[in-house]
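Here the structure comes first, spelled out in structure tokens, and everything after it is commentary.
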Amino acid sequence: GANRNVCIGGQSELIGTCALGIWRSMVSNPAGATLDSIAPGQSLVQFSTQASGMYRFIFSINEALSDTVSIVVVPNPIISAGEDFGYCEDLGLVTITASGGASYLWSTGQTSTSINVEPDTTTTYHVTGYNTDGCSRTDSVTVTIFQRPSGVIPPIDPMYEKETLQLYAGDWSDGLMYLWTGPNNFTSATRNPVIPNVS
């Protein structure tokens, strides 16, 4: 058979041309390969997640005729979809970018390196990245959607100029900080600020 590459944790079937032949692993092979006979002249080699390097397997018939197949264990790519992040609802499209692979397949079905998403609830996106040998690894990124605060400012009764004005923010859901702005360059981070000498 032809020499080949196999991904870490993968397997490969070794098929000899004679049912009398036997497959065996060379003593000099690195650790991490298990060879099991599955049929006359055929064996299955399973590589562990710790396997690394080149492995050679000999097919021999009556200890006289033999041939060798080399298998190189290829590491899986290191795929990253980035850190989890969050943003406020209704902000529109956001871009998620994967790295570490030669090609990608997202849980959305898209195959580009970067995808645009617009979730309306907290969503986890998965991406599987492949290297040029077809080995793969999966990563995910969670996009958390933050609800915008909502509330109503109570009405203010008319008043005379130069009086003291009390502003009330009212009741807000999900409100942690407040920022008032108004005429004459007025700003305040107080929830219920007081404006003396109002105009």
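The values are calculated or read from the model by the stated rules, or taken from the named source; none is laboratory data. Remember, it's a predicted structure, so these values are computed and weren't measured experimentally. Neighbour counts run over all protein chains shown; Cβ positions are idealised from the backbone, glycine included. These accessible areas exclude ligands, DNA and RNA; they are computed on the full protein's heavy atoms, side chains included. Shrake-Rupley method; radii C 1.70, N 1.55, O 1.52, S 1.80 Å.
Looking at this structure, is residue 22 closer than 30 Å to residue 97 by Cα and surrounded by 15 or more Cβ atoms within 10 Å (Cβ to Cβ)? No; evaluated as a whole, the condition is false for this residue.
Looking at 79, 156, just one residue is of a type in the set (Val, Ile, Thr) and farther than 24 Å from residue 7 by Cα, and that residue is 156.
Among the residues here, residue 60 does not qualify as over 30 Å from the mean Cα position of the chain (by Cα) and either within 30 Å of residue 122 (Cα to Cα) or at pLDDT 95 or above (or both). Of all residue pairs spaced 6 or more apart or on separate chains, those with beta-carbon atoms under 9 Å, a first member in the range 46-69 that is touching a residue at least 12 places away in the same chain (Cβ under 8 Å) and small (Gly, Ala, Ser) and a second member that is open to solvent by less than 70 Å² (accessible area, probe 1.4 Å) and part of a strand (DSSP E or B) are 48/33; 51/6; 51/33; 51/73; 52/73; 53/72; 53/73; 60/23.
Total residues in the range 83-118 satisfying the condition of being modelled with pLDDT under 95 and not in a strand (DSSP E or B): the figure is 6. Scan the range 90-108 residue by residue and report those that are over 20 Å from residue 8 (Cα atoms), open to solvent by less than 50 Å² (accessible area, probe 1.4 Å) and not β-branched (Val, Ile, Thr). Within the range 90-108, 92, 98, 106 qualify.
Only residues that are open to solvent by 50 Å² or more (accessible area, probe 1.4 Å) and not in a loop (DSSP other than H, G, I, E, B) were counted in the range 119-135, giving 3. Residue-level check: of (1) within 27 Å of the chain's Cα centre (by Cα); (2) farther than 30 Å from residue 147 by Cβ; (3) assigned to a strand (DSSP E or B), residue 68 misses just (1). Total residues in the range 145-170 satisfying the condition of being touching a Pro at 6+ places or on another chain (Cβ under 9 Å) and of a type outside the set (Gly, Ala, Ser): the figure is 8. Residue count for the range 5-28 under the criterion of being under 22 Å from residue 64 (Cα atoms) and under 34 Å from the mean Cα position of the chain (by Cα): the result is 0. Return yes or no: is residue 85 open to solvent by less than 30 Å² (accessible area, probe 1.4 Å) and without any contact (Cβ under 8 Å) to a residue 60 or more places away in the chain? Answer is no for this residue.
Checking each residue in the range 49-79 for being in contact with a strand residue (DSSP E or B) (Cβ under 8 Å, 6 or more places away or on another chain), open to solvent by 50 Å² or more (accessible area, probe 1.4 Å) and among the polar types (S, T, N, Q) picks out 52, 66.
Please work out if residue 34 is of a type outside the set (Phe, Trp, Tyr) and either without any contact (Cβ under 8 Å) to a residue 24 or more places away in the chain or open to solvent by less than 70 Å² (accessible area, probe 1.4 Å) (or both). So residue 34 passes the test.
For the range 138-190, the tally of residues that are more than 20 Å from residue 89 (Cα to Cα), open to solvent by 100 Å² or more (accessible area, probe 1.4 Å) and touching a residue at least 24 places away in the same chain (Cβ under 8 Å) stands at 3.
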